[in-house]
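For reference, the structure discussed in these notes is given below.
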Amino acid sequence: MSIALSSCFIAVDDHERALTFYRDALGLEVRSDVAFEGMRWVSLGSPSQPEVSIVLEPLIADPNASGEDRRAMAELLAKGLLKGVVLSTDDVDAAFERVRAGGGEVLQEPIDQPYGVRDCAFRDPAGNMLRINQRAGQA
C-alpha cells in the first residue's frame, strides 16, 4: 500500500485575485473551476506534477455559517494564520523574481537555511504564506 498527496486546500477571500497570483505569478495551470451554492473551488497544479493539486477554496465552505464565524475566519486569514504551502523548485532565485514581479508580498528574500535548503517566502493576496525552496546543491 502507498499513500501520496493528491490535494491541499487554501482558503481565499477573492478567487479572482488568488487565481491571478497562483496562475500568473507562480505559473500553475488551472485544472478545474467549480461553483456550487454561491461558492467556488479552483484547482491548480504544476504541469510537472499532474497528480497533485492546490485547491483555492472559499473562506468558509458552509452557506449557513454565521456572520460571527465568517468574521472570525476573515480575521485569521488577514493575519496569515490559516494555511500555507511549501513549493520546491530547481531555481529559487528565478522563482523569487517571477513571484515578486507578479505582485507577491515578499516576506523573505532567498537565503540559505541551515537545514539544507535555499528558500524565500511570500504572502498570497489573501494573506496565506507560501515558501519556495531549493535543495542545497540543486542547480
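Among the conditions (1) modelled with pLDDT of 90 or more; (2) surrounded by 15 or more Cβ atoms within 10 Å (Cβ to Cβ), ALA101 misses just one, which is (2).
Against the condition farther than 24 Å from LEU19 by Cα and either among the basic types (Lys, Arg) or surrounded by 15 or more Cβ atoms within 10 Å (Cβ to Cβ) (or both), how does ARG131 come out, does it pass? The answer is no for ARG131. Select from the range 22-40 the residues that are over 21 Å from GLU75 (Cα atoms) and out of contact with any Gly (no Cβ under 7 Å at 6 or more places or on another chain) and list them in ascending order. If the condition is that a residue be over 21 Å from GLU75 (Cα atoms) and out of contact with any Gly (no Cβ under 7 Å at 6 or more places or on another chain), then TYR22, ARG23, LEU26, GLY27, VAL30, SER32, ASP33, VAL34, ALA35, PHE36, GLU37, GLY38 are the ones that fit. When ARG118 is tested against (1) under 15 Å from the mean Cα position of the chain (by Cα); (2) surrounded by 14 or more Cβ atoms within 10 Å (Cβ to Cβ); (3) free of Cβ contacts under 8 Å to residues at least 40 places away in the same chain; (4) part of a strand (DSSP E or B), just one condition goes unmet, and that condition is (1). Based on what the data block shows, is ALA136 over 19 Å from ILE54 (Cα atoms) and of a type in the set (A, V, I, L, M, F, W, C)? The answer is yes for ALA136. VAL92 satisfies every condition listed in (1) in contact with a helix residue (DSSP H, G or I) (Cβ under 9 Å, 6 or more places away or on another chain); (2) closer than 26 Å to ALA121 by Cβ except (1). The number of residues in the range 60-115 being basic (Lys, Arg) and more than 21 Å from LEU26 (Cβ to Cβ) comes to 3.
The values are calculated or read from the model by the stated rules, or taken from the named source; none is laboratory data. Worth saying up front: this structure is predicted, and the values here are computed from it rather than measured. Note: ideal-geometry Cβ built from the backbone for every residue, glycine included; neighbour counts use all protein chains shown.
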